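The structure appears below as structure tokens.
The values are calculated or read from the model by the stated rules, or taken from the named source; none is laboratory data. None of these values were measured; they are calculated from a predicted model. Methodologically, a virtual Cβ is constructed for each residue, glycine included, from the backbone with ideal geometry; neighbour enumeration extends over all protein chains shown. SASA here: full protein model, heavy atoms, side chains in, ligands and nucleic acids out. Shrake-Rupley method; radii C 1.70, N 1.55, O 1.52, S 1.80 Å.
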Amino acid sequence: MKGKQVRKILKRVLQSLITIVLLTVILFLLMQLIPGNPIINFLGSNATDEEIAYYTHLYGYDLPVWQQYVNWIKSMFDGTMGFSVSLQRNVSEIIFSRIGVTLTLVTWAFIVSVILGVAFGIIAALNRGKAVDTVISILSNAGIAMPVFWIGIILILIFAIRLGICPSYGYTPISKGLGPWFRGIVLPVTVLSFPSISIFARQTRSSMLDVINQDYVMTAKSKGVKKRDIIFKHQLRNALVPLLTIIVNRFAQMMGATVLTENIFTLPGMGSLMINSINSRDLQLFVDCILVIAVFVTVANLIVDILYGFIDPRTKE
Amino acid sequence: MTSRKRFWAILLCVCLMFTLAACTPKPAEPQGNTDPSQGTQGNEQQPTTGPQSGGKLTVAVSNLFADYGYAPRISNNAALMQAWAAYESLLTTDANGNDVPLLATKWESNPSEPSITFYLREGVKFSDGEPFNAAAVQRNMEEYASINRSELANIESYEIINDYTIKLHQKAWSSADLHTIGFYVLFTSPKALQDVDSIKDRSAGTGPFMIKSFESGVRIVYEKNPNYWQEGKPYLDELEFVLIADASAMSSAFRAKDIEAAFATTFVAGDTISSGCAAQIRSGEVVSEKNSNGLVAVGRGLIFDSSNSNSPFSDARVRRAVAWGLDEELLNNAIFQGQQMWTDQFALPGQASYNDSMKKVGYDVEKAKALLAEAGYPNGFNTVITGAPSDQTMITAVANSLKEIGINAEVTVVDTATFNSVLVSGVFDGIYVFPYTMGDMAFYMTKVFSATPTSFKAAIPNTPVLIDQVKKLFAAGSDADKVKVEKEMEEMLFGEDGYFFWDPMTVMSPTFFKISALHDDQALQTSQWKAVWADAWLEQ
Amino acid sequence: MSEKVLEIKNLSVEYNTEIATIFAVNGLDMDLDAGETLGLVGETGAGKTTTAKAIMRILPEKVGEITSGNIVVDGKDVYAISEAEMCNIRGKVVSMVFQDPMSALNPIMTVGDQIKEVIRIHEKKLTKEQIDKKVDEMMELVGIPANRKVEYPHEFSGGMKQRIVIAIALACEPKLILADEPTTALDVTIQAQMLALIKDLQRRLGTAMLLITHDFGVVAQICEKVAVMYAGEIIEYGPVEKIFDHENLHPYTIGLFRSIPNLKVKTARLNAIDGMMPDPSVKLHGCHFAPRCKYASERCKADQKMIETEPGHFIRCCRFDKEQGGSANE
């Protein structure tokens, strides 16, 4: 790798870091504005003044805001990420136990939706105007319009209740066997990937259509390049360039969309953790959750930015 | 493509979607009354055999506590229901609300000393093998006191008379202590208390089960305690509480037969599961249980900002006008479809301290308007009524009713955490929804009427006569005395000329759904948040 | 007599769109000998590019259709063979240079790779080193340093891109090259260079060329023969010297020559040909040019034939048909 490229990458990494730090500050300040107190939520409304004062001091919520923030940053480096009042354990322990679920869910949904979405998009583009194209386009629009919650409930109804082949709730870790794990993950992955497949299909289709009649495709044809190679080497690779941005954005959105999926299927992931932390006003936990997700999204964006440099040589300048 | 082909393609897609939608079963409308019946064992069929050992029971719950290992931290009712699998208290209650022995076989109150003596059951061991005795009791109570649990606030010292007899010396006589200490203090092995880390997510109690595993926010699994003091019990091998946040997910889990029981804490959740499992309930496969004796019930009333001198509610006549202007019983039955209990005072009808002989406030719109006029509001006034998300139906109905007497209340809903913070501070405008735990009147009234109130501090003005009455409650020597003072207080608050700092609206009752093969769990029978896990068994 | 590298007989091409059917080429005949350069001249919309695409069999699928005639390239009937066989012919036997160099190259492949691609498809027996050497050779041949083969199209100017396109077209030493207005998109200053280069390469490799253009100047520079196309058919064909004599030509051809502005004479208006090209969605009968021709008569309503007015010089106009008593002076 040339020195110029390395410098460029480092610059992007630095930008990402600054973004994340700014984000933590903003989040921290925002949480101060929301009414409600984690101590009261934890102790219950029967708590006496003394109890509240004692625990407020114990957990450091009586310190000035800037000091709370500094303590939190410090806790990043000592590995605890702070202490969650509502769950009575270190935040890092909680997130560690939960992130696997969300990552598994999002990764598989992502892979499935990229493969299926792009495939459908290519098929639709190549058969433009024909029956296949119309069917795919309509189903794509339906996929975006259909409420995720409804799809989830229908799937549970069919596969968990009627057929009994999938569990109706909970996460089955892979340690219980590949079969049970698959049965437990297939419904949530389907639900999570549904809107993404539709979006990718639509986008791939229009990207491909843009590319299909480009002059360089004509040149390739006149060289004697076979049809299959034209599609994959010339058309798709060029269509991918704008598609990549959409794909990465979608990944970021998916991290947020897991909240609903985790709720429907009762999966103990980051999404449900975030919701619970908001409801119990557990400031520490909430901010850490957002941070973790933000880091993932930032890293994903960073990777794509770097990839773009290799895929589309025009962006190198 | 030709428009004809397009038409067929569109038609195909639409048909596909309808087919998918048609896969849903007919939303079975409960015919007639499938309301989980109020009262005892619901539609439970009599078992064909005696208790059978073995099996695993999975119960869905909507909340899990942070750590079930360190018992002194557990005070939340819903968490107690799960914690009682591993820990026990000195006393428990029967279905009629009477105190019955558990870890204590006998007890004596001596108001003149003042003291309470407990005679402990012999032969009980903690799950780690340590003996349950007076020293263990003292150690546990001291632990509770050390984290400022209010139940032990009145205990000055402990006297160990012998291994199985312990006397608690009170600072001042309080009639509440026996029940609150006897019911809410859970016992952990002193050895485990020495090393608190050893009971992080582990238990060392006397109960029928012990913690097998705990996944924070996911599930807690209990396994049989082989050293349990009741021979032959528990019958179940394993007891699991799994967190399912969404009520319709609970309902799906039932129908998919992934769980055997579910605990619905709110009316809406209970309703969702009832309608989702309507078919199973009709066929008797699923049974629901509710509580009827009102013990440890949670009442929900309307509290006014009476201490705000600028508010119309600072005048008792206005507050009484609201009580006259609302047909609380009708509203309760309409909103909750007859599934929640109602009372016009603190105690439930049928309970000892219920005052039947006092002059009561009924439903009379004219009288309400007259009172308002007398207080200086002949044309009514504007105000605000605020509740948590689950209260929306109730406060909307109340606001509509209040219009009839000229009060225009704007309905506001706040989220649960915000709602909870006001419960402590008491700072609000107009009318707020007031959840309160019914039970021992002294224990709960002292939170509101005392020199240092802990609930709704700012809302209720300092009323010396009520504070004195509460003190009298604590000082009551005999049960008969206590009942007399309690009835007096009911009249002072909810009689025709009462203060009416709040107006009782409804008494919430959770619902316990279970498969009919589960027997003798007595869920919600002895009190609203309790089941007797030691007795529960599954018909194979 | 040299082998004919290209033989087109009675070619008709239609475009079937949803809105209308376009009759782009109507009964076209054309021949090309090995090594020969033929200029195909005509206005936009005459059907020149369509003819070229038809030869390469790269007309838009489903929409473009051959309704009559056949095309034989190097002895093979282009529309009788399979697609796989046709792929072998494209790039190897006949290749094409397109009009706009700016978009003719794949933006995300290096120029070297794009030249390599055509070699790899057709010269399967070469080793990697041999292929690389060939790529270098081709680049040097068109005047671009070989070390630039790792660069991407956007790093080259328009003229250099066109050279690369030419390099690709000639890499496998085809027998016929179809050049569709190769200099139209370039600066006039580069134009001369490019034409010289093309001519030089063509001579060196012995490639026949069909040069499509609307510019007579280009024809004059490098073509041996010229064919004039109007409304989908060839209306004049012959050696460049004969036609550039401006004598006894098809009225349309005369009009074309007249419309070239004379730089030495001051004029107020350009000499345009009256009327407009016929609507391509209407099937034409008789002489396509008749509606605009000042010599039109009853005889023009019949389908016109190509008439050899002098050896090798053909005109599709009944006025030159001496058997019918026609005379160019009528």
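Count the lysine pairs in chain A whose Cα atoms sit under 13 Å apart, keeping only pairs 8 or more residues apart in sequence or on different chains. Kindly include the intermediate steps, with their values, before the conclusion.
Numbers: A:2/A:316; A:4/A:316; A:8/A:316; A:221/A:233.
For chain A, the number of qualifying lysine pairs is 4.
Would you mind estimating how fast the protein assembly as shown diffuses translationally, via Stokes-Einstein at 10 °C and 1.306 mPa s with the Kirkwood radius over Cα pairs, in µm²/s? Before the final figure, lay out the partial values.
Working: Rh = 37.8 Å.
It diffuses with D of about 42 µm²/s by this estimate.
Shielding by partners for A:154-166, please: the mean number of other protein chain Cβ atoms within 10 Å of each residue's Cβ. Can you show the working numbers first?
Working: counts 4, 1, 6, 6, 3, 1, 6, 9, 5, 1, 3, 0, 2.
What the average comes to for A:154-166 is 4.
Can you run phi through the Karplus equation (6.51, -1.76, 1.60; θ = phi - 60°) for segment B:117-134 and list ³J(HN,Hα) in whole Hz, with x for Gly and Pro?
Whole-Hz 3J(HN,Hα) from phi for segment B:117-134: 10, 10, 9, 8, 6, 8, x, 9, 10, 6, 5, 9, x, 5, x, 8, 8, 4.
What Rg and what Dmax come out for chain B when only alpha-carbon atoms are used, in angstroms?
For chain B, the Cα-based Rg and Dmax read 25.8, 100 Å.
Between 0 and 90 degrees, rounded to the nearest ten: what's the tilt of helix A:91-126 against the longest Cα principal axis of chain A?
Between the helix axis and the principal axis of chain A, the angle is about 20 degrees.
If you roll a 1.4 angstrom probe over the protein chains with everything in place, what fraction of the accessible area of the protein assembly as shown belongs to carbon and sulfur, to the nearest %?
Details: 29040 of 51500 Å².
It is 56 percent, rounded to a whole number.
Taking the Cα centre of the protein assembly as shown as origin and charging only Cβ (+1 Lys, Arg; -1 Asp, Glu), how large is the dipole, in debye to the nearest 20? Each step should come with its number before you reach the end.
Values: 108 positive and 127 negative charges, 1044 e Å.
Its charge dipole is roughly 5020 debye.
Project the alpha carbons of chain A onto their principal axes and report the range along each, largest first, in whole Å.
In descending order, the Cα extents are 84, 60, 35 Å.
Which angle from 0 to 90°, rounded to the nearest 10, does the C-alpha axis of helix A:237-265 make with the longest principal axis of chain A?
Computed tilt is about 40 degrees.
Treating only the Cβ of Lys, Arg, Asp and Glu as charged (+1, +1, -1, -1), what charge dipole size does chain A show about its Cα centre? Round to the nearest 20 debye.
On the way: 27 positive and 16 negative charges, 443 e Å.
That gives chain A a dipole magnitude of about 2120 debye.
What are the equivalent ellipsoid semi-axes of segment B:69-152, built from the alpha-carbon gyration tensor (square roots of five times its eigenvalues), in whole angstrom, biggest first?
Working: eigenvalues 79, 56, 54 Å².
Sorted largest first and rounded, they come to 20, 17, 16 Å.
Remind me, relative contact order of segment A:92-279 in percent, using alpha carbon pairs under 8 angstrom and six or more residues apart? Let's see the in-between values first.
Numbers: 218 pairs, mean separation 65.4, N = 188.
RCO, segment A:92-279: 35 percent.
Given R₀ = 60 Å, FRET efficiency for residue B:99-residue A:144 by Cβ-Cβ distance, to 0.05?
On the way: r = 61 Å, r/R0 = 1.02.
Given R0 = 60 Å and the Cβ-Cβ separation, E is 0.45.
Each residue of segment A:66-76 in order: what ³J(HN,Hα) in whole Hz does its phi give by Karplus 6.51 cos²θ - 1.76 cosθ + 1.60, θ = phi - 60°, with x for Gly and Pro?
So the J values, rounded to whole Hz, are 5, 6, 4, 5, 4, 4, 5, 4, 4, 5, 4.
What order do A:166, B:15 take when sorted by accessible area (1.4 Å probe), most exposed first?
On the way: A:166 15, B:15 70 Å².
Largest accessible area first, the list is B:15, A:166.
Just the number, please: percent antiparallel of the DSSP beta bridges in the protein assembly as shown, rounded to the nearest 5.
Details: 91 of 127 bridges.
If we restrict to bridges inside the protein assembly as shown, about 70 percent are antiparallel.
Could you list the chymotrypsin sites (Phe, Trp or Tyr not before Pro) in segment C:241-277 that lie in coil according to DSSP, counting only those with at most 16 other Cβ atoms within 10 Å of their Cβ?
Working: sites: C:244, C:252, C:257; in loops: C:244.
Hits after loop and neighbour filter: C:244.
Can you give me the pair-distance distribution of segment A:92-279, C-alpha pairs, 5 Å bins, whole percents?
1, 8, 14, 16, 16, 13, 10, 8, 6, 4, 2, 1, 0
Which Cα, out of B:153, B:363, A:248, lies furthest along the positive dipole direction of the protein assembly as shown (beta carbon charges, K/R +1, D/E -1)?
Going by the Cα projections, it comes out as A:248.
Got a sec? Which residues of segment A:231-267 lose 20 Å² or more of accessible surface with every protein chain in place, vs. that chain alone, 1.4 Å probe?
A:233, A:234, A:237, A:238, A:263, A:266
Could you give the angle, 0 to 90 degrees to the nearest 10, between helix A:131-145's Cα long axis and the longest principal axis of the Cα atoms of chain A?
10
Round to a whole angstrom and tell me the spacing of the C-alpha centers of segment B:193-214 and segment C:12-65.
Each part's Cα centre sits 88 Å from the other's.
Counting only the heavy atoms of the protein chains, how much of residue B:343 is accessible to a 1.4 Å probe, in Å² to the nearest 10?
0
Please tell me which of these pairs span more than 28 angstrom C-alpha to C-alpha: B:257/B:290; C:76/C:128; B:167/B:233; C:116/C:225; B:367/B:457?
Pairs exceeding the cut-off: C:76/C:128; B:167/B:233; C:116/C:225; B:367/B:457.
Nearest 0.05, what FRET efficiency do residue A:23 and residue B:416 give at R0 = 25 Å with Cβ-Cβ as r?
Details: r = 27 Å, r/R0 = 1.06.
Working from the Cβ atoms, E equals 0.40.
Provide the solvent-accessible area of residue A:150, counting protein heavy atoms only and rolling a 1.4 Å probe, rounded to the nearest 10 Å².
90
Residue farthest toward the positive end of the dipole of the protein assembly as shown, with Cβ of Lys/Arg at +1 and Asp/Glu at -1: which of A:52, C:317, C:142?
C:317
Could you check how many percent of all C-alpha pairs in segment A:3-86 are farther apart than 20 Å?
Details: 1737 of 3486 pairs.
Cα-Cα pairs of segment A:3-86 separated by over 20 Å account for 50 percent.
Can you list residues whose amide H is under 5 Å from residue A:89's amide H, if they're 5+ apart or on another chain and H is modeled 1.01 Å from N?
Distant-sequence amide H within range of residue A:89: A:84.
List the accessible area buried at the contact between A and B, summed over both sides and calculated with a 1.4 Å probe, in Å² to the nearest 100.
Numbers: alone 17850 and 22980 Å², together 36860 Å².
Interface between A and B: roughly 4000 Å².
Any idea which of A:70, B:419, B:19 is furthest toward the positive side of the dipole for the protein assembly as shown, if Lys and Arg beta-carbons carry +1 and Asp and Glu beta-carbons -1?
Comparing the listed Cα positions along the dipole, B:19 ranks first.
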